[in-house]
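Written out below as structure tokens is the structure these notes cover.
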């Protein structure tokens, strides 16, 4: 069962979430929807972000591939210019750097798409984004829905609907 | 390196400044030999004339007691050419026999090489070249006509080097000293310009280049030019 | 809960109302086309079309219709290239620095700055192509297996440029786009038809969940760090186009940092000018407030001083060393044919901003905007001096020459200034120019 509570003041969302967590609801089953970022109990997001790791990996891979590619081209068709060595670390280092950074950017973009769940089908309907209200959504077994709704109402919810908001 | 191997020539030039009279026959010969575009007076006044070899003048002394000195300047075919590595498309590179080659078909016209040449001997085709009649009739069939938008410069008459090599191969003999003569050297009435193979210690040019009178232009830049200028030691 | 009760209802009644007001006000420019807007688009459009005509003229008749000649092989186009890449540092550098240091006052400023970056890069990136002798072959610098059986020369600074600008453009587009996503999702709910579908498509399914906010803020922080590193490297690479050459006065080790600070300098100037325009023409007085201008004015003053320091360092060493090839160029700049440009640059880049921004009483929105304009002009002149005066005095005096631009170069230059105005005008109708979600309720908080 899915419960969605509407709060007309975003400051009420954090205590509501805290109350739910205290009552033993799983962090995974709770989600808050807001038009702008709101302060929430940190334990809601206990999973560490992998964005920086992904960025570093993708940077290393892209920079490595770029460097390997440059050396391949210089062996594939070796041309002497200005008495420079064919493998000029100094000269190609700039390109290695730029493409390493390009890899980091790509990694970050992928990390965002993945961790924010963008471009993916939704399992549950989300409340329509609204400029004024904050929504707290709880996913819980049917027998727990009554206490959950009670908690939310006590936390100051203006309205609690079951089965999610209408799309 | 490959070019150090025996049998690979190192083409070089010696210009004796004490012999040069500044007659500019070399300039004219170069124009005829290498299909240099003729840009017309207005464009030339803008600084767009193309002369692969030019004769620089230097005045010595105070007027009226002046002495005029001449210095023919052409592409110095540097061993450490600053123009080469900056080209993004390898339009200019170093050949095995030490020439600084310009590949017109690769050039896209960034003109970076022209800026990085300390001798200002690189020229750009600002428009498609055109020759007024009857000049168009004397184009050299051995030399490519360059299209608009590409760089060009002295090649040490690479077409003549090629021909001499083919002739020597046909006669099954090695290249001899003096087999190759660029148009400027050929036309110099004072015989101030000598061309030859620096890798052959017996060649005339090796002797001249080793003379105490020999120096190179802007040598301190470390470009290792292969044009030697002979002048009186004062 | 303790917080329920009378106080909550007051907040609940008041806050959303103000929020709604901000929201409506910031999105207002998206709806409808005013007469002024249409007029501005028409004027800018005429300039852009004329520039396109000039470029077509140049493609058909040859690059010779531009004023470049031997020995000044690089002219207005490269000056503009360096100038616009410099302007592009408005967004990324400034917004990234402010984001990383957590400066709250940046919030209404960042998107305007990031948009400048993307547009200036698009324009700046065009110039090396316009400048080519055979512009239709520009793609030959891209490495792909081709019929010429040739790879590009990765040792050339121009290849560095290509990769640097590629990275920078991709990074700055994402850097502009990512914080736009929540606004797009929000705007989609308030618009209809094609526009709503476009916003919904571009918002990638954003629903404002706390996980998404968490990921966005985290990634934006990392992205700011990466973008900062890229931005510094890009203008360094642009300076290396010059510094790698052995051309006198270009072959300078301080060119990298000199260009980077010059870029930040002109970037802030551009940002000030754009903000003044937004304030004036979109009526954003409530959002772009005096203290935003004052902070940027102080930054501009700082950069004026840093720029002055670098310029003295560069010129003093050349003057003292008195190497003939370099000294000839210095002499030409300070007291020769280029002296008017040089002294104009000193006045516009240093004297005017130093006076107007340095004296507290003189530092108002109006004078800060004036300084924005003078610095833009001064920095353009600086690039002109670097490119043209150096090239006109090569080492061998027999090749000395001069340069004057043709109508083609002037038209294309004017067209790009109109072009960025046009891009901005179109952007202002498509996307909110101030980040709505970032614009918290600090609207009426007292000025720091």
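Just so you know, all these numbers are worked out from the coordinates, no wet-lab data involved. Quick caveat, the model's predicted, so the values are computed rather than measured. Positions of Cβ are backbone-derived with ideal geometry, glycine not excepted, and every protein chain shown enters the neighbour counts.
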- Message: Can you sort C:111, B:207, A:6 from fewest to most other Cβ atoms within 10 Å of each residue's own Cβ?
- Response: B:207, A:6, C:111
- Query: Taking every eigenvalue of the Cα gyration tensor of segment B:1-131, multiplying by 5 and rooting it, what semi-axes result, largest first, whole Å?
  - Reply: 28, 22, 14
- Message: Below 8 Å, C-alpha to C-alpha, sequence gap of six or more: please give me the relative contact order for segment C:65-154 in percent.
- Response: 30
- Task: Nearest 5 is fine: what % of DSSP beta bridges in the protein assembly as shown come out antiparallel, could you say?
- Result: 90
- Given the convex hull over the Cα atoms of segment C:216-263, what projected area results after averaging over all orientations, in nm²? 3.5
- So, with points 7 Å from each Cα along the Cβ direction, the residue B:69-residue C:286 label distance in nm works out to 7.8
- Task: Would you mind pulling out the separation of the Cα centroids of segment A:130-154 and segment C:355-410, in Å?
- Result: 63
- Mean separation of Cα contacts under 8 Å (at least 6 apart) over the residue count of chain C, i.e. the relative contact order in percent, is 31
- Just grab the label-to-label distance for residue C:198 and residue C:221, each label 7 Å out from Cα along the Cβ direction, in nm (one decimal). 3.4
- Between 0 and 90°, nearest 10: helix A:13-22 axis offset from chain A longest Cα axis: 80
- Query: If you take the beta carbon distance between residue C:104 and residue C:229 as r and set R0 to 35 Å, what does 1/(1 + (r/R0)^6) give as a FRET efficiency, to the nearest 0.05?
  - Reply: 0.90
- Message: Working only with C-alpha atoms, what are the Rg and Dmax values of chain C, expressed in angstrom?
- Response: 23.7, 89
- Rounded, prolate or oblate (a/c below 1.5 giving rounded, otherwise prolate when a/b exceeds b/c) for segment C:300-448 by Cα gyration tensor: oblate
- Query: Taking N as the number of residues in segment C:56-120, what is its Cα Rg relative to 2.2 N^0.38 Å?
  - Reply: 1.68
- Note on segment C:312-351: alpha-carbon gyration tensor, axes a ≥ b ≥ c; rule is a/c under 1.5 for rounded, else prolate if a/b larger than b/c, else oblate; result oblate
- Query: In whole Å and largest first, what semi-axes does the C-alpha gyration tensor of segment C:22-151 yield when each eigenvalue is scaled by 5 and square-rooted?
  - Reply: 35, 22, 15
- Using just the helices of chain A, give the 222 nm mean residue ellipticity in deg cm²/dmol: DSSP H runs with n ≥ 4 each add -39,500 (n - 2.57), and the total is spread over all residues, rounded to 500. -15000 deg cm²/dmol
- Give me Rg over Rh for segment C:341-385, both radii from the alpha carbons and Rh done the Kirkwood way, two decimal places. 1.02
- Pairwise centroid distance, computed over Cα atoms, of segment C:159-221 with segment B:60-134, Å: 49
- Message: Using 0.36 nm times the number of residues separating residue C:57 and residue C:144, minus their current alpha carbon distance, what extension gain do you get?
- Response: 28.3 nm
- For residue C:177 and residue C:309, compute 0.36 nm times the residue count separating them, minus their Cα-Cα distance, and round to one decimal in nm. 43.9 nm
- Query: Rounded to a whole number, what is D in µm²/s for segment C:193-294 from Stokes-Einstein with the Kirkwood radius over alpha-carbon pairs (4 °C, 1.567 mPa s)?
  - Reply: 73
- In whole angstrom, and with the biggest value first, how far do the Cα coordinates of the protein assembly as shown range along each principal axis? 110, 62, 49
- Rounded to 10°, Cα long-axis angle of helix C:157-177 versus longest principal axis of chain C: 10
- Message: On the Cα set of segment C:253-361, report Rg and Dmax in Å, please.
- Response: 17.1, 57
- With label points built 7 Å along Cα→Cβ from the Cα atoms of residue C:36 and residue B:163, find their separation and express it in nm. 7.4
- Kirkwood Rh over Cα pairs of chain B into Stokes-Einstein at 10 °C, 1.306 mPa s: D in µm²/s? 85
- Note on the structure: Rounded to the nearest Å, the spacing of the alpha-carbon centers of segment C:228-307 and segment B:151-174 is 54
- Counting only C-alpha contacts under 8 Å and six or more residues apart, can you give the relative contact order of segment B:89-222 as a whole percent? 16
- At 10 °C and 1.306 mPa s, grab the translational diffusion coefficient of segment C:128-212 from Stokes-Einstein with a Kirkwood Rh over Cα pairs, rounded to a whole number in µm² per second. 97
- Sorted by Cβ neighbour density within 10 Å, fewest at the top, the residues A:90, C:407, B:11: A:90, C:407, B:11
- Query: How high is the FRET efficiency from residue B:170 to residue B:95, r the C-beta distance, R0 25 Å, rounded to 0.05?
  - Reply: 0.70
- Message: Tell me the angle of helix C:407-430 to the major Cα principal axis of chain C, expressed in degrees between 0 and 90 and rounded to the nearest ten.
- Response: 10
- Query: Quick one, what does Rg over Rh come out to for segment B:98-234 if you take C-alpha atoms and the Kirkwood Rh?
  - Reply: 0.99
- Task: May I ask you to sort B:83, B:30 by Cβ crowding, counting other Cβ atoms within 10 Å and putting the fewest first?
- Result: B:30, B:83
- Task: Using a cut-off of under 15 Å, list every residue of segment B:88-116 whose amide N is near the label point 7 Å from the Cα of residue B:8 along the Cα-to-beta-carbon line.
- Result: B:93-101
- Task: Enter the mean projected area of the convex hull around the alpha-carbon atoms of segment B:60-132, in nm², rounded to one decimal.
- Result: 8.2
